[in-house]
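Shown next, in structure tokens, is the structure this report addresses.
The values are calculated or read from the model by the stated rules, or taken from the named source; none is laboratory data. Source: prediction; values computed, not measured. Please note: Cβ atoms are built from the backbone with ideal geometry, for glycine as well, and neighbour counts cover all protein chains shown. Side chains included, ligands, DNA and RNA excluded: accessible areas come from the protein's heavy atoms. Shrake-Rupley method; radii C 1.70, N 1.55, O 1.52, S 1.80 Å.
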Amino acid sequence: RSGSAMSHGHGGAWQQNGAWQQNGAWHQNGNSVAPQSRAADLRAACAERATPHAATASNGVAVSGEAKPPVTTIGSLVVGEVVDVFHRYAQDPNGYFMVHQASSGILHPSIGWTDGWTTARVAEAWDARSFHPSDYKTWPQIQWLHPVWYNRRGHRLDVKNPNMITQRVLPEQIRQQRTPSEAQQSPRLTLFHVRWGGEQPVNPVTEGAGGWGQIGATPSDNYINGLEDHIFRALGPTYEIISAFIQGSEELAKINAPLLRHMMQGKHVGALYFMWPISYQDGHAFPAYVDKARLCELMVQMEATGIPTRFPHQSHLYKIFASKEWTAQMCLHPLLRVPLTTMVARQALAHDPSKAAATAIEALSNLSKTRAAWNATMGIAENRAGAPVQKGVAKLGWSWEAMDVRAWKNRNELADALENLGEQPGSYVDYVFVQEWVDFDVEMRHFIVEPDLKKPATLKPKKIIYTVFKSREGGSFRNFDRYDRAQCLEMCFHSDDAALAHAESQAQEVIVRWLEWLQAQSHELPVVTRFDIMAKRSAPGKAYIMTGELTELGGCFLGWPEGPKTVFSAMVRSFFRDPIPAAS
């Protein structure tokens, strides 16, 4: 992984970009097939990519008194010495994790400890004076002693083969048993990660202007490894992670929340769900896409057991973001600037798509008149004075990566869009959104991190990224260009700084109103929200805006270099915001 210290081990195969299953030469369907003769080449690859981190908190900010960056405590090791070692799944080239019973790894969902303390035996003498973090050959070499390891595909590690259990790790992950250490204490934090374990890995989609960047898409190993690396750098080896690897929606119901709560030894606990919930049956061939009803049911069960959701959001708030129903509910509110939206029932488009399209267009025109009338009553200026709606977009909630958005400009095109969106294979879709068209020059993506309504400075974006869609494929919006402010000013706003500033000031006002609205939806504001605001230059020095999207925690960073560090730091702080629960 770019920018992280990775080691060889468990057969020596190299994990790159989180897609260990894609490297058919070294690993196939979860079976390690890396011959020992290739070990030297693979270890060289590890050394080439290993980049040591400074042992400091990721953003220099204490995490509610819990921050404890990793430190090295050992000076020397002797061959055969038994030591405590902090295992990190992100460092394991073939993706093995610890289980106590074989059935936990054989049967799906596979559940085990991916990060945490265990024991190992020193395989070669080591002295700190010869240690160089950038040279993996100077790292301590150990042999794992835990007896049962499995990978996400249910394949067991051959612990009788010394080559399969030998690994080099950084000294900051080793503690000698004769000295009191974190290994002998209860973890401060236990996290439960729900992640994809199917045969086909999640494509991180790191490339292209519309890609997720090097951190990768949220369900990908890239993203999870990046977060877990950040957690280790922020907290040191004072936590544990239990992971469940899911290969289909039905496996979500097999996770026993009370039993998991019993397994979690941390003073603080939390669950993170690295899945994309959708309104479809399984069988769509997209990794990490699962039935939204089953995922939400699991989240509620976990929350009821005392395991709070830490990613993306608590279940009821996540439904608000992912369903997109707020677009229809708030489109007449003059202060929130939402495009007119109506919801077309599945029964209508299934019976007669053309009639459904006609009534949807009529509904939008009625809403246009209503908006104009309401705004006139409240004395609010209206730049679209009740005009009929003649074009727009149709889209779905519970959809990801702009996969289900279609433009239309007449009744026939809308009828086609309704049918194509609502009648896809395996569809559980119960409605389709139909919106008015909004002309805009640029979409301003605002990242709001750890907002507090009592602290106005926290309501300002940590970053604004300016984007413009550059292509439409079959009526769908996919690719876009990214700009900084200077480029946006020149390319999108005719170098009219006053107009862009006008758009930005309006956007900030609307964002604050949305945060105030979100306070009604949840007593705790989201840790991170991305507000996408559409802006158009309307006259010299003037612009108007509309709300495009409220994006949940886990939204694309859009090439923001400091994005992962900023967001991950906020996430880590959120792990500790609740008091330690009393025993019950």
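From GLY116, GLY112, GLY105, grab the single residue that is modelled with pLDDT of 95 or more and outside any strand (DSSP E or B).
Testing whether each residue is modelled with pLDDT of 95 or more and outside any strand (DSSP E or B) leaves just GLY105.
What is the residue count in the range 325-335 for residues that are in contact with a Gly (Cβ under 9 Å, 6 or more places away or on another chain) and buried (at least 19 other Cβ atoms within 10 Å of the Cβ)?
The qualifying residues number 1.
So is ASN383 surrounded by fewer than 19 Cβ atoms within 10 Å (Cβ to Cβ) and modelled with pLDDT of 95 or more or not?
Judged against the criteria, ASN383 is not a match.
For SER538, are the conditions met, namely being among the polar types (S, T, N, Q), more than 27 Å from TYR483 (Cα to Cα) and touching a residue at least 12 places away in the same chain (Cβ under 8 Å)?
no
Taking the range 565-584 on its own, how many of its residues are farther than 14 Å from GLY266 by Cα and at pLDDT 95 or above?
Residues flagged as farther than 14 Å from GLY266 by Cα and at pLDDT 95 or above within the range 565-584 amount to 10.
Sort out which residues of the range 277-312 are farther than 17 Å from SER243 by Cα and among the aromatic types (Phe, Trp, Tyr), and write them in order of number.
TYR280, PHE286, TYR289
Can you tell me which residue is modelled with the highest pLDDT among those in the range 281-305 that are of a type outside the set (Gly, Ala, Ser) and in contact with a Phe, Trp or Tyr (Cβ under 6 Å, 6 or more places away or on another chain)?
It comes out as LYS292.
In this structure, does ILE307 turn out to be in contact with a helix residue (DSSP H, G or I) (Cβ under 9 Å, 6 or more places away or on another chain) and open to solvent by less than 20 Å² (accessible area, probe 1.4 Å)?
Judged against the criteria, ILE307 is a match.
List every residue pair whose Cβ atoms sit under 9 Å apart, with the two residues 6 or more apart in sequence or on different chains, where the first one lies in the range 454-465 and is over 12 Å from GLN508 (Cβ atoms) and the second, anywhere, is polar (S, T, N, Q) and open to solvent by less than 50 Å² (accessible area, probe 1.4 Å).
Here the result reads LYS462/THR566; LYS463/THR566, each pair linking the range 454-465 to a residue that is polar (S, T, N, Q) and open to solvent by less than 50 Å² (accessible area, probe 1.4 Å).
If we keep just the residues of the range 315-324 that are in contact (Cβ under 8 Å) with a residue 40 or more places away in the chain, of a type outside the set (Phe, Trp, Tyr) and out of contact with any Ser or Thr (no Cβ under 7 Å at 6 or more places or on another chain), which is most open to solvent (accessible area, probe 1.4 Å)?
If we take residues in the range 315-324 being in contact (Cβ under 8 Å) with a residue 40 or more places away in the chain, of a type outside the set (Phe, Trp, Tyr) and out of contact with any Ser or Thr (no Cβ under 7 Å at 6 or more places or on another chain), then HIS316 is most open to solvent (accessible area, probe 1.4 Å).
Counting just the residues of the range 54-90 that are modelled with pLDDT under 50 and hydroxyl-bearing (Ser, Thr, Tyr), which one comes out surrounded by the most Cβ atoms within 10 Å (Cβ to Cβ)?
SER58
Restricting to the range 530-584, name every residue that is among the small types (Gly, Ala, Ser) and in a strand (DSSP E or B).
Residues satisfying the conditions are ALA535, SER538, ALA539, ALA543, GLY548.
Does ASP496 satisfy the criteria of being surrounded by fewer than 20 Cβ atoms within 10 Å (Cβ to Cβ), in contact with a strand residue (DSSP E or B) (Cβ under 9 Å, 6 or more places away or on another chain), modelled with pLDDT of 95 or more and under 24 Å from GLU401 (Cα atoms)?
Answer is no for this residue.
Looking only at the range 336-358, decide whether some residue is in a loop (DSSP other than H, G, I, E, B), more than 26 Å from ALA539 (Cα to Cα) and open to solvent by 30 Å² or more (accessible area, probe 1.4 Å).
yes
Can you name the residue in the range 511-532 that is closer than 20 Å to GLY554 by Cβ and among the polar types (S, T, N, Q) and, of all such residues, is most open to solvent (accessible area, probe 1.4 Å)?
Applying the filter and picking the extreme gives GLN521.
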